[in-house]
Amino acid sequence: METSYPLDDNFTTSGVQITEEIKSYLYEMAKWGKFLSIMGFIFIGFMAFGVLSLLFVGGTALAGLDEFGAAGGLGFGFIAILYGLMIVLYFFPTLYLYRFSDKVKIALNTDDQLTLSEGFRNLKSLFKFWGIFTAILLGFYAILFIGSIFIGGLGMFL
């Protein structure tokens, strides 16, 4: 069974307190976070519908055209895979934001320290996800930049 602790219970010894002003900021963050996460889930749904439409309608539309042939179908498949990856990448931060918003709102309404901690754990996961994703993206861009310099340098000698 989960034990409920008042929000200010653990903070009085360290000198940090959650004031009413901070609670109002957290409550407003939770409301906007829930709105953004719901919009994110709707956007993910539209993307999934687009991918399914692309797979079922797009491939059959190009199948009858001789000028595109199989290459057109492969292009739609690649785009569908790319969008599928985007859906997966966008789903997890949206889920973390929703969980953060939900837990913080519950914690503020019930003065539950553990639920507030769970909410902030999800916020930490959200920032960690985007931090790792950004680092990977920067590394990918660095490899592309170095590769383009290398390929451009080779072009001078050919």
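The values are calculated or read from the model by the stated rules, or taken from the named source; none is laboratory data. Not measured: the values here are computed from a predicted model. Methodologically, a virtual Cβ is constructed for each residue, glycine included, from the backbone with ideal geometry; neighbour enumeration extends over all protein chains shown.
Where in the stretch 16-132 are the helices (runs of 4 or more DSSP H), entirely inside, with at least 2 residues that are modelled with pLDDT of 95 or more and hydrophobic (A, V, I, L, M, F, W, C)?
Values: elements: 20-53, 59-63, 69-110.
Passing ranges, in order: 20-53, 69-110.
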Out of the residues in the stretch 88-136 that are charged (D, E, K, R) and farther than 25 Å from M47 by Cα, state the one that is surrounded by the most Cβ atoms within 10 Å (Cβ to Cβ).
K103
For residues in the stretch 33-51 being touching a residue at least 12 places away in the same chain (Cβ under 8 Å) and under 26 Å from A107 (Cα atoms), which is surrounded by the most Cβ atoms within 10 Å (Cβ to Cβ)?
G33
